[in-house]
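*Asks:* Just dropping this structure here.
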């Protein structure tokens with residue numbers, strides 16, 4: 001093609017010039033996708049460490065993939081392109097985040113989880129908050145399908161962000177894990193240094209634990225409700241009425257279930 005000749009000649013002279021490749025790719029923008037992909041492939045082969053080339057190439061592939069159903073050959077080729085990019089781009093959080101979101105859109109649960117774990121391993125801890133925000137969205141979305149796996153994800157997260165334990169508690173309650181939710185709440189209450197992100201006082205956290213114990217007398221086996229509620233009665237003398245009611249409610253439920 002006569003149009004291609006000056007660009008090809010420029011690349012013979014300067015094969016490692018990113019701008020030369022981008023000018024050529026821009027000229028070919030309206031060509032069939034396979035033609036543009038081949039040009040990008042040539043570019044990243046010459047410049048595997050170019051973030052600009054990989055970022056634009058992967059973005060183009062994702063855009064084209066969205067018009068097809070997940071599971072298509074194009075989706076798999078796009079996944080493979082991301083994997084090849086990560087050989088040199090593994091320290092770039094944006095590449096990971098885009099790939100993780102693309103995997104999530106395909107419903108590839110195991111593959112997505114493994115990719116999240118690899119991202120956390122590859123990136124410095126100062127970048128982990130960006131990955132965790134997405135990983136927790138993944139866990140929240142699939143908690144009803146793969147509950148124990150998602151609980152493990154949250155357990156790892158609270159080691160990274162121990163001040164966000166309440167989010168873990170909310171996840172456990174939402175997905176029916178009342179026993180572990182009660183244990184985590186008990187740990188929060190007994191930690192004098194804990195500051196609630198949700199702005200809850202110690203009594204509000206204690207009351208939440210009491211309500212959980214009262215409503216789930218058969219599910220919660222790791223804690224004894226009666227002594228915990230009685231301890232609250234001695235500790236929060238201005239709230240004895242509320243806590244006595246909780247204790248009475250607990251025993252009524254236990255008698256009804258007996």
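*Asks:* Select from segment 5-27 the residues that are free of Cβ contacts under 8 Å to residues at least 24 places away in the same chain and not in a helix (DSSP H, G or I) and write down the one among them that is nearest to residue 61 (Cα to Cα).
*Replies:* Going through the qualifying residues, I end up with 17.
*Asks:* Of the numbered conditions (1) under 26 Å from the mean Cα position of the chain (by Cα); (2) without any contact (Cβ under 8 Å) to a residue 12 or more places away in the chain, residue 240 satisfies every one except a single condition; which is it?
*Replies:* Only one criterion is unmet by residue 240, namely (1).
*Asks:* Ok, one more. It is to be established whether one or more residues within segment 104-114 are assigned to a helix (DSSP H, G or I) and within 30 Å of residue 220 (Cβ to Cβ).
*Replies:* If we filter segment 104-114 for residues that are assigned to a helix (DSSP H, G or I), which is where we start, we get 104-106, 109-114.
Now restrict to residues that are within 30 Å of residue 220 (Cβ to Cβ): 109, 113.
Scanning segment 104-114, I find at least one residue that is assigned to a helix (DSSP H, G or I) and within 30 Å of residue 220 (Cβ to Cβ), so the answer is yes.
*Asks:* Going by the structure shown, is residue 85 outside any loop (DSSP other than H, G, I, E, B), crowded, with 16+ Cβ neighbours inside 10 Å and touching a residue at least 40 places away in the same chain (Cβ under 8 Å)?
*Replies:* On the way: outside any loop (DSSP other than H, G, I, E, B): yes; crowded, with 16+ Cβ neighbours inside 10 Å: yes; touching a residue at least 40 places away in the same chain (Cβ under 8 Å): yes.
The answer is yes for residue 85.
*Asks:* Kindly list, by first and then second residue, each pair from a residue in segment 206-229 that is more than 27 Å from residue 195 (Cβ to Cβ) to a residue that is buried (at least 18 other Cβ atoms within 10 Å of the Cβ), limited to pairs with Cβ atoms under 8 Å and residues at least 6 apart or on different chains.
*Replies:* Qualifying pairs under 8 Å: 217/225; 217/250; 219/178; 226/247; 226/250.
*Asks:* Is it fair to say residue 181 is surrounded by fewer than 19 Cβ atoms within 10 Å (Cβ to Cβ) and either closer than 17 Å to residue 113 by Cβ or in contact with a helix residue (DSSP H, G or I) (Cβ under 8 Å, 6 or more places away or on another chain) (or both)?
*Replies:* Values: surrounded by fewer than 19 Cβ atoms within 10 Å (Cβ to Cβ): no; either closer than 17 Å to residue 113 by Cβ or in contact with a helix residue (DSSP H, G or I) (Cβ under 8 Å, 6 or more places away or on another chain) (or both): yes.
For residue 181, the condition - surrounded by fewer than 19 Cβ atoms within 10 Å (Cβ to Cβ) and either closer than 17 Å to residue 113 by Cβ or in contact with a helix residue (DSSP H, G or I) (Cβ under 8 Å, 6 or more places away or on another chain) (or both) - is not met.
*Asks:* Check whether at least one residue in segment 65-82 is surrounded by 14 or more Cβ atoms within 10 Å (Cβ to Cβ), part of a loop (DSSP other than H, G, I, E, B) and in contact with a helix residue (DSSP H, G or I) (Cβ under 9 Å, 6 or more places away or on another chain), and report yes or no.
*Replies:* Within segment 65-82 (the criterion being surrounded by 14 or more Cβ atoms within 10 Å (Cβ to Cβ), part of a loop (DSSP other than H, G, I, E, B) and in contact with a helix residue (DSSP H, G or I) (Cβ under 9 Å, 6 or more places away or on another chain)), the answer is yes, since at least one residue qualifies.
*Asks:* Of the residues in segment 34-56, how many are under 16 Å from residue 76 (Cβ atoms) and in contact (Cβ under 8 Å) with a residue 24 or more places away in the chain?
*Replies:* So the answer is 1.
*Asks:* Condition first: in a helix (DSSP H, G or I) and surrounded by 12 or more Cβ atoms within 10 Å (Cβ to Cβ). Now tell me which residues in segment 234-249 satisfy that.
*Replies:* Taking segment 234-249 and keeping what is in a helix (DSSP H, G or I), we get 234-235, 237-249.
Correct list: 235, 239, 240, 242, 243, 244, 245, 246, 247, 248, 249.
Here, each number is a calculation from the coordinates, and none is a lab measurement. Note that the coordinates shown come from a computational prediction; the quantities given were computed from them, not determined experimentally. Don't worry about glycine lacking a Cβ; one is built from the backbone with ideal geometry, like all the others, and counts go over all protein chains shown.
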